[in-house]
Number of protein chains: 2
Amino acid sequence: MSQPAPQPAPQNPDDAPKSATNVPALEVGAEWLRGEGELSDVLLSSRVRLARNLAGRLFATKATRRDRQETLDVCREWLMRAELASKMIWVDLHGSSPLDRALLVERHLISKNHSKGKGTNPNEDPRGVAISVPDERLSIMINEEDHLRIQAIRSGLSLSQAWADIDSVDDKIESKLDYAFSPRFGYLTACPTNVGTGVRMSAMLHLPALRLTGELEKVKRAAQDMSLAVRGFYGEGSEAVGDLFQISNQTTLGKSEQQILQDLEGDILPKVVEYERLARRELLAKRRVGLEDQVWRAWGALSNARLMNTDEAMQALSLVRLGATMGLLRGASGTQDSPDPRTINQLMLLVQPAHLQRAVGRELDQEQRRVARASLLRSRLLRPKS
Amino acid sequence: MSQPAPQPAPQNPDDAPKSATNVPALEVGAEWLRGEGELSDVLLSSRVRLARNLAGRLFATKATRRDRQETLDVCREWLMRAELASKMIWVDLHGSSPLDRALLVERHLISKNHSKGKGTNPNEDPRGVAISVPDERLSIMINEEDHLRIQAIRSGLSLSQAWADIDSVDDKIESKLDYAFSPRFGYLTACPTNVGTGVRMSAMLHLPALRLTGELEKVKRAAQDMSLAVRGFYGEGSEAVGDLFQISNQTTLGKSEQQILQDLEGDILPKVVEYERLARRELLAKRRVGLEDQVWRAWGALSNARLMNTDEAMQALSLVRLGATMGLLRGASGTQDSPDPRTINQLMLLVQPAHLQRAVGRELDQEQRRVARASLLRSRLLRPKS
């Protein structure tokens, strides 16, 4: 993932980007990180997103800056006035600092493309996002690839609930705003791959045991054979840091939302979870000591290092998450319990560069981030449970 | 270091080698591991050894098995009858198991060559060692390269004391046994490099900071220019595991014991210690965080791993010893103090294969040793101080 270059630290508080104040604070909610819900030992979260465009307006890809400004104004005005507004905050991305935008990307509330912006002066490209707080279940990006990208995330296997969330929001928006829709093709979108339902459903899975047993490639190929996309923690083109993978449908045309939902939630995702669980049982049966060694060494590095980069932190957190869900790390934090899966999930976000800088309260260079990351990990993993 | 191949585990207690009982038990004494005495932050121990041969008997290199048996009988009888005997135990090496002999090598009480034996049936080569207990300060090898190899070890910079120990023993032996001596050359030895005083004085130094700052080669070259030998933890040909180095005189002809002693104790060794201390201060001043990171990660590995080989253990113990002596590991063991240097010194022996098997009480294959080593380290490093 390519980070925006950090800006120099503001000389005085007045120079700080104004938008910083309305970007959600750390650990406000992020319901999807709770580590609750069905199959959550393997399946962290379920996500549904819809691509929607306003009728009678040029698609974002063709639009001038003025068109895009108008789209933004229309959407923001409606979204922040509607009954949704009481639970939503609005962030103008063109007024935000690169660090704040990076924070939203790390939090999976906007996409990398949305963070970057379009055109000759992408920083000032009119675009924004509405986010439900404090649960962060819902985010609505305006002027990403489509006029509206509506997303709902929930913890565990809960595509049906996420779909219900999003369907209700979609109906509310459609009652006020006119969507581009063709009776023949369905919802029209900037990219043909999204035409039809405009829906993408995905799940974030933690698959360390399949990597350790060498069966990950097999599962990936099987998923691809079923027209599923397998991506990394930060979506398209991102590496699978921390053994986290997004599995999502690729086809939106010719399949109803209900079919996609049924295929994923009722069949494919539980199967992938079962493969991972089988691999975990296999590791326990065939090389328990080797697994315990890896898991405890990861714990030892996280709870002792004084310098740590993001990749190492994610890899170690992945092993610690595996060990915690398998009951192999009892007593590690100084209590009889295993480390709390919710803490591990949250740390997977908190070690990312923008979150880390937000936690510290100032911009940090790479070396300072390595120090701060190691310090954060020690304090979170070793502090007594509250 | 090439270990003798372990023998299959005895099927019943009566098959166990009889000598197992008279090999010193673990942690009996080993005064030189105490981490006390002058300069002991860097200089672990001081050692003096004498090469002596009986007059009128063929040197061990030329001797038949019968000659060697006679030499052994004469020496053992005298040693175990003399006033020394109350503090000494005797071990017949030709009656010992490979594991017991390996234990004595690891403990620096006999040499690797002495463990192996000579001739067509080296296992039955008549040879033995007398060891002072419980301090293990004194050991007298019979039928090593020379008829007698007398060694004294003490903690810290204490060559003078070790020399006094050995001089007194040497006088006692010489009062009863006739040494091969030439008025022109001095004491005669099997190998010409030992002719003259027959004395070798050495110190075991822990030089991790010189390795980390890249200055170790410079120090080694300087030592060689002064006709000093620089060897690893287990002497000639052994690797410098755990950043431990033996520095010793190479010349025995043409220099009196007092000159050798004065050069080493009064000049060279304090200088090497000062170089190492300078390198430690430089590390603290120029890259403290990087050093703390290495030291704490080593601690994390030692206190968390479930599998560990000897080399990794020695390397991590070296860093932990460095950190403990520099006060960087306060709080690591759960107390406010740094880990106890004596514990770290002892662990450097206890993680060796034979010591490990002795601690567990049975022979172990390589995988079992890795498990036992990790377990021993955790229990010793994390247990509350007694």
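The values are calculated or read from the model by the stated rules, or taken from the named source; none is laboratory data. All values reported here derive from a predicted model rather than from experimental measurement. Ideal geometry is used to build each Cβ from the backbone, glycine not excepted, and the neighbour counts take in all protein chains shown. We work out accessible area using only protein heavy atoms, side chains counted, and drop any ligands, DNA or RNA first. Shrake-Rupley method; radii C 1.70, N 1.55, O 1.52, S 1.80 Å.
Odds and ends about this structure:
- Shape category assigned to chain A from the gyration tensor of Cα positions, a/c cut at 1.5: oblate
- Threshold 30 Å², region B:283-299 residues less accessible with all protein chains present than alone (1.4 Å probe): B:Val289, B:Asp293, B:Trp296, B:Arg297
- Overall form of region A:243-328 per C-alpha gyration tensor (a/c, 1.5; a/b vs b/c): oblate
- Residue among A:His114, A:Val295, A:Pro208 farthest towards the positive dipole end of chain A, charges placed on Cβ: A:Val295
- For region A:237-386, the Cβ-based charge dipole about the Cα centre amounts to some 700 debye (Lys, Arg positive; Asp, Glu negative; other atoms uncharged).
- Burial annotation for region A:304-353: residues with an accessible-area loss of at least 30 Å² between the isolated chain and the complete set of protein chains, computed on heavy atoms with a 1.4 Å probe, are A:Asn304, A:Arg306, A:Leu307.
- Full extension of the chain between A:Glu282 and A:Asn309 gives 6.6 nm of extra length, using 0.36 nm per residue less the Cα-Cα distance.
- A simple count of charges around A:Gln259, restricted to other residues whose Cβ falls under 12 Å of its Cβ and scoring Lys, Arg +1 and Asp, Glu -1, yields -3.
- The angle separating the long axis of helix B:269-304 from the principal Cα axis of greatest extent in chain B is about 60 degrees.
- Of B:Leu244, B:Leu319, B:Leu278, the one that fluctuates the most in a GNM where chain B has Cα springs shorter than 10 Å: B:Leu278
- For chain A, the longest principal axis of the alpha carbon atoms and the long axis of helix A:159-176 meet at an angle near 20°.
- Computing FRET efficiency as 1/(1 + (r/R0)^6) for A:Lys62 and B:Lys271, where r is the C-beta to C-beta distance and R0 is 56 Å, gives about 0.10.
- Per residue, the solvent-accessible area of chain A (1.4 Å probe, heavy atoms of protein chains only, all protein chains present) comes to 43 Å².
- Enclosing the Cα atoms of region A:171-305 in their convex hull gives a volume equal to 153 cubic angstrom per residue.
- The charge dipole of chain A, taken about the Cα centre with unit charges on the Cβ atoms of Lys, Arg (+1) and Asp, Glu (-1), comes to about 680 debye, rounded to the nearest 20.
- Take every Cα pair under 8 Å whose residues are at least 6 apart in sequence, average their separation, divide by the length of chain B, and the relative contact order is 18 percent.
- Accessible surface of the protein assembly as shown, 1.4 Å probe: 49 percent of it comes from carbon and sulfur atoms.
- Summed residue charge, Cβ within 15 Å of A:Arg287's Cβ, Lys/Arg positive, Asp/Glu negative: +3
- Taking amide H positions as modeled 1.01 Å from N, with prolines and chain starts lacking one, the residues under 5 Å from A:Gly128 and 5 or more places away or on another chain are A:Leu93, A:Ile142.
- Cβ-defined net charge surrounding B:Arg297, 11 Å radius [Lys, Arg +1; Asp, Glu -1]: -1
- Seen from all directions on average, region B:48-196 presents a Cα convex hull projection of 8.9 nm².
- Calculated FRET efficiency, A:Trp90 to B:Val289, Cβ-Cβ distance, R0 = 45 Å: about 0.65 to the nearest 0.05.
- Chains B and A, summed buried accessible surface - 1.4 Å probe, Å², nearest 100: 1300
- Of B:Ala162, A:Ala190, A:Ala359, farthest towards positive along the dipole that unit charges on Lys, Arg, Asp, Glu beta carbons give the protein assembly as shown: A:Ala190
- For region A:48-196, the Cβ-based charge dipole about the Cα centre amounts to some 300 debye (Lys, Arg positive; Asp, Glu negative; other atoms uncharged).
- Shape call, region A:257-304: gyration tensor on alpha carbons, a/c limit 1.5: oblate
- Helix B:341-350 and the longest principal axis of the Cα set of chain B meet at an angle near 60°.
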